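Below you'll find the structure, written out as structure tokens, and then a few comments.
The values are calculated or read from the model by the stated rules, or taken from the named source; none is laboratory data. All values derive from a computational prediction rather than experimental measurement. Glycine also receives a Cβ, built like all others from the backbone with ideal geometry; neighbour counts cover every protein chain displayed. To get the accessible areas, we keep the full protein, side chains included, count just its heavy atoms, and leave off ligands, DNA and RNA. Shrake-Rupley method; radii C 1.70, N 1.55, O 1.52, S 1.80 Å.
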Protein chains: 2
Amino acid sequence: MSPLTASATANSNIAFIKYWGNCEPKARIPANGSISMNLGGLETRTTVTFDAFLDSDDLILNSQPVGGAALGRVSEFLNRVRRLAAINHFARVESENNFPMGAGIASSASAFAALALAASTAAGLELDEFALSQLARTGSGSACRSIPSGFVEWQADGCNPDSGAVSIAPPEHWDLRDCVAIISREHKPTGSTEGHALAYTSPLQESRVAGAPTRLAQCREAILARDFATFAEITELDSNLMHAVMMTSSPRLIYWQPTTLTVMQAVQNWRQEGISVCYTIDAGPNVHVICLTSDVELVAARLRQIAGVQDVLIAYPGGPARLVLEHG
Amino acid sequence: MSPLTASATANSNIAFIKYWGNCEPKARIPANGSISMNLGGLETRTTVTFDAFLDSDDLILNSQPVGGAALGRVSEFLNRVRRLAAINHFARVESENNFPMGAGIASSASAFAALALAASTAAGLELDEFALSQLARTGSGSACRSIPSGFVEWQADGCNPDSGAVSIAPPEHWDLRDCVAIISREHKPTGSTEGHALAYTSPLQESRVAGAPTRLAQCREAILARDFATFAEITELDSNLMHAVMMTSSPRLIYWQPTTLTVMQAVQNWRQEGISVCYTIDAGPNVHVICLTSDVELVAARLRQIAGVQDVLIAYPGGPARLVLEHG
């Protein structure tokens, strides 16, 4: 029998309507739906090899062997794949990111999307895109959005246990850019999984969730109509709503740093100047500054001039998770 | 007839449970109750003289004649006093603050409290404390809290039209200090009156208001028990709740500046070190850092070391609005 191996790549993604809080934390059934764009150029590449000679799962992340909680989370995910495929070999997982981890770019999204595709393929499963998205979701919620292509909606009607993501527009639909202003490369003090568990300790989470269907519809329509002004309003509002919940949870989570606020205010000023630009911020200090391609050089140059901005990564609307064909 | 004149002083106050949004904006009937401490040392002194020889109301603020909207707001307030006292003279109003205006220290609170006491006395009215508090409220909502002494609760049960404030503990009850970290002396872009009108455009305001009675009870009990740990938790949560509403209103209001966030995070770190200290922030960038008297020198010194903190004003629990007896 030939070795059970496969390689896959997946992009990170940035949510415009945010995922924060679960109906069911273990299966990552989200409290509300979300909409995102895959971040072409910010990707994870993962190779999975199920091997009868291994006596445990091995994880090699950016060329370093990794154990502990990270390996535990990957093994738990592989157990699901092994159950589905009815195999029992341990696996070697080798994974590389081309962007900094743990500071607001969803490295777990691209990581678990690439892992879902590579592991399920290596195990001989033939999952369709939606089933693959559901599988990726069980590793990291936002990973389900890195499976389909371009602009993606993760549907979550009424805590549906079959929750997964679908493409609402291909990458070429709208020529947006995400200028990611890197403000810190340090690991955030409270990871997303712990953060999600705190969402309902905020007195504001229920209202945020209750309004999500309206915001999802507004954001979806703005994307489909390429209506930047509406898109900017709803994206900034939704980001602030998530941070409002975070900063009023118990304990209070403030992911913003002073430079985060500097960038937010600069972006609002630039929009008042007439530039099509808006911000959105995940569970970290970095600011995703979304603009039209025509303004990307100006926006990136201005961001680099802000004291405290360490780097600016530029991503474009990205494609789906893909298998990498090995030459051998 | 001797000239109808009186002088009064009133302290500013800092709310621990915040007032944001009205049931009835014109009469300033608040959406929720609030609890504050008068800020001894940060005061307005106002002299009102009703004079048959004047042909308009005059306002002199910090030795400068003032017209426009500020004078209009004072005249409207004086009209109420004239109606109550059945007089029709115009008035000269001279008012001095000993602290910077318009940047998060509630100058309108001390101003309208001093004005209410001086104008009603000059007009020959003899209002009791609660009636005076109600009168001050009609000029600036938070002014009603600067009438009674010490720690004060502004009651607002069910949009009661007779809403006013009462003392819940005298100044000497708890030896707190407010170290006001001045981050900007500029006028804020959106004043409180306009801001209050936007409160219900936030999808979070209803939840904030719904939880206010619980937070009021927790804060009141923490003050009465001098329980700093509970007081700090509820005060910071309530401040974040108000800013959560502000930053999700339409338009979004972000009063924080980068240094505001630096101070907030420093205060949380100091509390983890064991210092009894917490923050609260009004509709402006300045941070009110509340601590025990025993720690005030340490806290003020550390605040002064933070880049971007321009000054630190220190206030103590203050007394009620008082008449000033003129020598002459």
Hey, can you tell me all the residues within the range A:142-155 that are open to solvent by less than 10 Å² (accessible area, probe 1.4 Å) and either farther than 22 Å from residue A:118 by Cα or assigned to a strand (DSSP E or B) (or both)?
-> A:151, A:152, A:154
More than 30 Å from residue B:209 (Cα to Cα) and touching a residue at least 12 places away in the same chain (Cβ under 8 Å), is that true of residue B:84?
-> yes
Identify, by number, the condition in (1) surrounded by fewer than 20 Cβ atoms within 10 Å (Cβ to Cβ); (2) on the phi < 0 side of the Ramachandran plot that residue B:139 doesn't meet.
-> (1)
Is it the case that residue B:325 is assigned by TED's automatic domain parsing to the domain that holds residue B:206, at pLDDT below 95 and more than 27 Å from residue A:205 (Cβ to Cβ)?
-> no
Picking from B:267, B:245, which residue would you name as being buried (at least 24 other Cβ atoms within 10 Å of the Cβ) and under 21 Å from the mean Cα position of the chain (by Cα)?
-> B:245
Can you give me the ranges of the strands (runs of 3 or more DSSP E) entirely in the range B:48-118 with at least 2 residues that are closer than 16 Å to residue B:5 by Cα?
-> B:58-61, B:90-97
Pairs returned, first residue in the range B:109-127 that is on the phi > 0 side of the Ramachandran plot, second residue that is of a type in the set (Gly, Ala, Ser), beta-carbon separation under 9 angstrom, 6 or more apart or interchain, are B:124/B:85
Among the candidates A:299, A:277, A:267, single out the residue that is within 12 Å of another protein chain (Cβ to nearest Cβ), among the hydrophobic types (A, V, I, L, M, F, W, C) and closer than 24 Å to residue A:41 by Cβ.
-> A:267
Residue B:298 vs. criteria at pLDDT below 95 and more than 20 Å from residue A:244 (Cβ to Cβ) = no
Do the conditions hold for residue A:177, that is, is it away from chain B (no Cβ under 13 Å) and among the basic types (Lys, Arg)?
-> yes
Checked the range B:105-130 for anything surrounded by fewer than 20 Cβ atoms within 10 Å (Cβ to Cβ) and within 18 Å of the chain's Cα centre (by Cα); matches are B:129, B:130
Which of (1) in contact with a Leu (Cβ under 7 Å, 6 or more places away or on another chain); (2) surrounded by 18 or more Cβ atoms within 10 Å (Cβ to Cβ) does residue A:84 not meet, given it meets every other one?
-> (2)
Are any residues in the range B:163-204 open to solvent by 10 Å² or more (accessible area, probe 1.4 Å) and charged (D, E, K, R), and if so, which ones?
-> B:172, B:175, B:177, B:185, B:186, B:188, B:194
Name the pairs: first residue in the range A:237-260 and more than 7 Å from chain B (Cβ to nearest Cβ), second residue among the basic types (Lys, Arg) and in a helix (DSSP H, G or I), Cβ to Cβ under 7 Å, at least 6 apart or on different chains?
-> A:238/A:215; A:245/A:208
Test for residue A:7: is it touching a residue at least 24 places away in the same chain (Cβ under 8 Å), buried (at least 24 other Cβ atoms within 10 Å of the Cβ) and either on the phi < 0 side of the Ramachandran plot or of a type in the set (A, V, I, L, M) (or both) | no
So is residue B:260 among the hydroxyl-bearing types (Ser, Thr, Tyr), surrounded by 24 or more Cβ atoms within 10 Å (Cβ to Cβ) and in contact with a strand residue (DSSP E or B) (Cβ under 8 Å, 6 or more places away or on another chain) or not?
-> yes
Would you pick out the residues in the range A:10-31 that are assigned to a loop (DSSP other than H, G, I, E, B) and open to solvent by 20 Å² or more (accessible area, probe 1.4 Å)?
-> A:19, A:25, A:26, A:27, A:28
Which residues, taken from the range B:184-212, are over 18 Å from the mean Cα position of the chain (by Cα) and β-branched (Val, Ile, Thr)?
-> B:201, B:209
Is there any pair linking a residue in the range A:24-41 that is touching a residue at least 60 places away in the same chain (Cβ under 8 Å) and at positive phi to one that is of a type in the set (D, E, K, R) and buried (at least 24 other Cβ atoms within 10 Å of the Cβ), with Cβ under 8 Å and at least six apart or on different chains, and which?
-> A:28/A:137
Selection from the range B:214-232 of residues that are within 12 Å of another protein chain (Cβ to nearest Cβ) and either without any contact (Cβ under 8 Å) to a residue 40 or more places away in the chain or exposed (fewer than 15 other Cβ atoms within 10 Å of the Cβ) (or both) = B:214
Given (1) at pLDDT below 95; (2) more than 21 Å from residue B:24 (Cα to Cα), number of the condition residue B:158 does not satisfy = (2)
Residues that are of a type in the set (D, E, K, R) and either part of a helix (DSSP H, G or I) or within 13 Å of another protein chain (Cβ to nearest Cβ) (or both), drawn from the range A:184-213 = A:194, A:206, A:208
